[in-house]
Structure formats: C-alpha cells, structure tokens
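The values are calculated or read from the model by the stated rules, or taken from the named source; none is laboratory data. Quick caveat: nothing in here was measured; it's all calculated off a predicted structure. Because the Cβ atoms are built from the backbone with ideal geometry, glycine has one as well, and the counts that use them run over all protein chains shown. The area values use the complete protein model at the heavy-atom level, side chains included, leaving out ligands, DNA and RNA. Shrake-Rupley method; radii C 1.70, N 1.55, O 1.52, S 1.80 Å.
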Amino acid sequence: MAAATQGDGEAIALVDEAATATLARQLASFVRPGDFIALSGDLGAGKTALVRAVLRALADDPGLEAPSPTFTLMQVYDGPGFPVVHADFYRLRGDDELAQIGWDEAIDGAVTMVEWPERAPSALPADRLEIALHFDPAYGPEFRRAEVRAFGALGVRWRRARAIERLLRQAGWAEGERFPLAGDASVRAYERLTKPDGAAAILMISPPRPDGPILRYGKPYAAIAKLSPDIRAYLAMAEGLRGQGYSTPRTYAHDVAAGLALIEDFGAETIADARGPDPERYAEATALLADLHARELPRALPIDDEAYALPTYDIDAMLVEVELALDWYAPTAARVTPASGARQVFLGLWRELLAPILAQPTTWTLRDYHSPNLHWLYGRAGLSRLGLIDFQDAVVGPPAYDVASLLQDARVDVSVELELRLIALYVRLRGERDPSFDAAAFAGTYAAMAAQRATKLLGIFTRLDRRDGKPQYLALLPLVERRLARNLAHPLLRPLRGWFEACLPRALGEGGSASLEP
C-alpha cells in the first residue's frame, strides 16, 4: 500500500483487495469514540466494502455481515466498548430526515462512518476524516486511489498514526502487536510491541512540544525551565550515556519531526517494587551517579549529523519551577494565596540560596533519575545492570540534584536510615576519586536541591490534578511535604523555612526537624 502526500491530505494507492484490508485495519486501530469518517468518491469504488472491512476488524470477526444501509439510512453495530454507526446518505432528501431517525442521539459517543456525506454537509463535524475513493484505469480494474484528508483534532492524530505506520514498516515492525503502556506525568505515550517470535520493543510517542503562553523574557514556561522541545535531546543523551558505558535503550528507528522513536525494551522490573526500595539496587544507582559525576563530560552531543547542546540548569529555570508551588499548590491544596510582596521575598530567598550553588562545578543532570526510570537488567554486570530510560530533559546542573531525585523519590518512601546510608556511600565514592571533594558542602547542596525539587513537585502534582485531570498525584503530596520540612531544617535553608512557616505552613506537613547530613 503506497502513499504520497497530496496537499494537506494524502493519496493512498489501494492496488488490490489486500491493500484495502490493510487500510481498514489501520482505520480500526485509529478510531476512537466520537470519531467521524466521511466516505465519498466514484460510484462502485468500494465505499461499503471499506466500511465492512473496518467493522470486521473492530469486531475481530472476518465473517461479520454488514450490508449497505442505502435503504435503512443507518445501521448501528456493537464495537469494542463503543457503538459504530454506518450510514448512507445517498437517498437522503434533506437534513430534517436525520432528526427523524434520531441521528444526533445515535452518533453520540459512537464511531460514525458515512457514505455520500455530500448529501448532508451540515451533518459533518469540524473534526473528521474524509476518504474519497476513485478508480484509475491506467493502473488496472482492481486499482483504487484513496484520497484522505483529516480535519481538526483528527488531523493531528491521523498524521501521527501514519507517521507511526511508516516508522514501524521501515524498521521491520509493521506486523508487531501493539499494547499501550501506563502513562507518566508527561505528555509522552508509550506502547510495547511484540512479534510472534517473542521479540519486543518500545514505541515512544513524544510529539514536539508546542509553545505555551509567554511567561517572561519573551519565553514560555517550558523554554525557561529548559524542557526539551523535541526528542533530539532523548536521542542524543541515549547515545551519550551509552558512550560512557551506561545502559540506555538502543534506538532502532526514529522520526524527530513526528516525535517518534522505536527503542529497546528494558522490561518492567525497576529498582523498587510494591514492598519499597531494594537497598542493593539503590546502592548501585547511587554508585552510578558517583561514577558519572566524577567524569569530564561533553556539553554537546551528536544527533543526526548535528550537535545537540545540553542547556544549563540556571537560576531562572530553578526559580520558575519553585513558583509552581505558589501558582498551583498554594491556592488549591493549601487554600492560601501569598501576597505579591511575599512572592518576591520567596524568590529572593531562593535566589540567595541557589546562586552560590550554581556557581560550583556542574555535570550532566538527568533530572528524572528515580525508581520508575531505573530498570534492573539481569544478565549484565556492574553499573550496566541499571537501565536508564528517562533523560530527555537532561541539563548541565549541580551533581546533588539527581542524588536528591533518587533518594527522595516522590513515589517511593525511602527511609531516612537508607537515605543517609546512601548519601554516605555517594560521598565516599566521590572522595575516592577526588580527595578535594567537600562532604560538608555537598550536604548543604543536597538539602537545597532536594528542597527545590520538593517545592516544584508540590506545584506539579497539584497542576496535574487541576489542569490535566490526574488526581492520583495528590496522594503523593504528604510524602513530598514531609521531605520538604526535613530539607528546610538544614542550617543553610533556615531563612526559607521561616518563609514557609509564615506564608505557606501547609507545605511543611507533619515533617520533623532532623537535618540530613552525612
């Protein structure tokens, strides 16, 4: 089934019945409740046959009877969790007939496929897929040309679906069975692909990040916070980390423009499970950071004949992140709105705390170095047993940040005892490689980075609930609050603790006052 772009649409060559069946399967895997497909074109070109093939694919029933609804106007089928409406407007004499057959009620929440839609143009929604089937005698009597045009929200989805189909075909995975994986807090999506021989791979769907509203400095939040705009950062860091001897998923194929990558599957086992953190595996993850931070690392990495420069995790990035706690957590979870003067004091205190830390030596900061993103790989040795999967927002920043991300994981309750033991391990390993390593200075930097991350997470988790409809993240707030309280007990952070006690006491939860010092 060959395809060529045609304007803002696409022409698909249906050379035989098998090609039509392939298109039908792709449509069946693409549609969701509420989708509308309008089929037009030459008389007898196979509109009903295409709909029938889609219905059979949806029902997983190759023998499903699906006659043309020319005389009944509409036929409703049971789909996989949603109704499917097949309609034919050829005999329609006016839009009022649709009301008589209960059209609006029938298509509500259904996948709708309509032949001869031009007979009732007012019935066409703005978000739709149009498929026009045409003969082309130059290629023989069996040939059909499907001209596909996607409008509105379906346009984005259709282009992505076609890009995925092309990527998988080029990589030799077109016949792989696809299973969606549980999403994370980001906009990325993942699917596990399996072949009949048991081979597995992961499809990462990470479309280019759209520009958000301008926040300050003529930039949106993502640009100020140094979040990667596309998957080039992931691809570059994957190769960069592997070049240092660490385990990252191999990339089998990628499409930067579409935000797609087919990568190695590291399985599902991580450094923690339902019982909590595995001390041995956490120790290995800590040792990996000590090893990474002792190296001289490049600030730019090659990707597709270009150089990707890692952004610097500067003070503006860190400040805009902690502000999330004031913008989202304070007015909703804490039900307080600090006055503008209190906000300025808040930012000033953070600036005073962070400025000297950011002036110290920096390293690759992976930023999301914690249990869900650290897989345990059997059959490998040493630090290679750790499979790193999340580093697309990597920056050049303080070494302590990723140590805090690991040992104060918001999803895993690492005990204070284990945390202190692993901090001591990190300090010892760094000291073995660099006798000038300052353990006392690191303790203060660790508390500051852990407090910055905790403050940011209070805002992010509340935003995930309020803006993105993911209330499950609210359950993580109490642990983050307790962690923040303990970090603010460090002498270096006492001015900030005073601000929280006066302006946002809820953020301190029920935390104790024990300072984390190795």
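What the table below lists for this structure:
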{"read-out": "Mean-position separation - Cα centroids, the stretch 154-215 and the stretch 33-66, in angstrom", "value": "25"}
{"read-out": "Tail fraction, Cα-Cα pairs, the stretch 34-182, threshold 24 Å, whole percent", "value": "39"}
{"read-out": "By average C-beta atoms within 10 angstrom, highest first, the peptides 195-205, 471-481, 395-405, 103-113", "value": "395-405, 103-113, 471-481, 195-205"}
{"read-out": "Relative contact order of the chain, defined on C-alpha pairs under 8 angstrom at six or more residues apart (%)", "value": "11"}
{"read-out": "Geometric extent, Cα atoms of the chain - Rg, Dmax (angstrom)", "value": "27.7, 88"}
{"read-out": "Charge sum, other residues only, whose C-beta stays under 14 Å from Y378's C-beta, Lys/Arg counted +1 and Asp/Glu -1", "value": "-2"}
{"read-out": "Loop-located chymotrypsin sites (Phe, Trp or Tyr not before Pro) in the stretch 60-98 whose Cβ has at most 12 other Cβ within 10 Å (DSSP)", "value": "F71"}
{"read-out": "Sparse-neighbour loop sites [chymotrypsin sites (Phe, Trp or Tyr not before Pro); the stretch 329-391; at most 12 other C-beta within 10 Å; DSSP]", "value": "Y378"}
{"read-out": "Length-normalised contact order of the stretch 364-500 in % [C-alpha pairs under 8 Å, at least 6 apart]", "value": "20"}
{"read-out": "Cβ crowding within 10 Å averaged over residues, with 275-287, 131-143 ranked highest first", "value": "275-287, 131-143"}
{"read-out": "Volume per residue of the C-alpha convex hull in the stretch 346-436, rounded to whole Å³", "value": "143"}
{"read-out": "Surface per residue (accessible, 1.4 Å probe) for the stretch 354-487, Å²", "value": "34"}
{"read-out": "Electrostatic dipole magnitude of the stretch 1-139 [Cβ: Lys, Arg +1; Asp, Glu -1; Cα centre; debye, to 20]", "value": "180"}
{"read-out": "Alpha carbon centroid spacing (whole Å) that separates the stretch 237-290 from the stretch 366-382", "value": "5"}
{"read-out": "Candidate lysines - alpha carbon under 18 Å from K470, same-chain residues fewer than 8 apart omitted", "value": "K456"}
{"read-out": "Whole-Å semi-axes of the ellipsoid equivalent to the stretch 415-455 (Cα gyration tensor, √5λ, descending)", "value": "20, 14, 7"}
{"read-out": "12 Å beta-carbon shell around P62, net charge (K/R +1, D/E -1)", "value": "0"}
{"read-out": "Crossing angle, helix 153-171 versus the chain [Cα axis fit, 0-90 degrees, rounded to tens]", "value": "80"}
{"read-out": "Calculated Rg and Dmax of the stretch 312-360 using C-alpha coordinates, Å", "value": "12.0, 37"}
{"read-out": "The stretch 286-418 - percent of accessible surface contributed by carbon and sulfur, probe 1.4 Å", "value": "53"}
{"read-out": "Column: log10 I(q)/I(0), Debye, Cα scatterers of the stretch 32-71, q = 0.26 Å⁻¹", "value": "-1.03"}
